[in-house]
1. Please verify whether K59 is basic (K, R), at pLDDT below 80 and out of contact with any Asp or Glu (no Cβ under 6 Å at 6 or more places or on another chain), treating the condition exactly as stated.
2. Going by the structure shown, is T34 among the polar types (S, T, N, Q) and either at pLDDT 90 or above or touching a strand residue (DSSP E or B) at 6+ places or on another chain (Cβ under 9 Å) (or both)?
3. Report yes if K86 is more than 14 Å from I135 (Cβ to Cβ) and more than 20 Å from the chain's Cα centre (by Cα), otherwise no.
4. Inside the range 70-89, can you point out the residues that are surrounded by 15 or more Cβ atoms within 10 Å (Cβ to Cβ) and assigned to a strand (DSSP E or B)?
5. Could you list, in sequence order, the residues of the range 90-100 that are outside any loop (DSSP other than H, G, I, E, B) and either over 17 Å from T149 (Cα atoms) or among the polar types (S, T, N, Q) (or both)?
6. If I ask for residues that are in contact with an Asp or Glu (Cβ under 8 Å, 6 or more places away or on another chain) and of a type in the set (A, V, I, L, M, F, W, C), which ones from the range 85-121 would you list?
7. Taking the range 110-148, which residues are of a type in the set (S, T, Y), over 23 Å from E54 (Cβ atoms) and either modelled with pLDDT of 85 or more or not in a loop (DSSP other than H, G, I, E, B) (or both)?
8. Of the residues that make up the range 152-164, is at least one of a type in the set (A, V, I, L, M, F, W, C), touching a residue at least 40 places away in the same chain (Cβ under 8 Å), closer than 13 Å to A61 by Cα and in a strand (DSSP E or B)?
Amino acid sequence: MKTSWYQEPWAWLVFFLPFTAVVAGIATFIIANTNPDPLVVGDYYKKGKAINLELGKVKQAQKLGMRFGLKLVGDQLTIRPTGIEKEFPILNVNFYHPTLADKDFYLALTADGNGNFTHFFEKDFDASGKWRVTISSFENDWKIQTVLTLPQSEFIPLIPDLTTAN
């Protein structure tokens, strides 16, 4: 006695496996196109040359003896020069989120009467988490870069280090 093909369970198994592969392929294609990776550099040679220039800025910061302390308590960010007598009119401070580029932000800070660089964030701003922080002069002739976790109630030392710079 013969049965129709659609009444055989093995026929459905044979059709089901390729069908799931097609559905998984379409889902992978959609995910890959809706969430592109912004971290891939197209011209890696130019990026490598730029990294070498940036390392020169870190070496310059080491030679000048640049050191800072950073703390974030509540909505107040304070950066204080430590171990250096030089006064800075403006500090460029960049905060880079490790995975979300839209959370990155830049601050141009001026010193207050005590020589500290202070910024007050909006009440609903959330700076908690892991950040790559870069501090440089207004002239951009030296740079200090480090990775830290915020918030911090005590001053974190920021020193020029070639191993954390890129």
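The values are calculated or read from the model by the stated rules, or taken from the named source; none is laboratory data. Since the model is a prediction, treat every value here as computed from it, not as a measurement. For neighbour counting, all protein chains shown are included, and Cβ atoms are generated from backbone atoms with ideal geometry for every residue, glycine included.
1. No; evaluated as a whole, the condition is false for this residue.
2. The answer is no for T34.
3. Answer is no for this residue.
4. L70, K71, L72, L77, T78, I79, R80, P81
5. Result: I90, L91, N92, N94.
6. F95, A111, F120, F121
7. If the condition is that a residue be of a type in the set (S, T, Y), over 23 Å from E54 (Cβ atoms) and either modelled with pLDDT of 85 or more or not in a loop (DSSP other than H, G, I, E, B) (or both), then T110, T118 are the ones that fit.
8. yes
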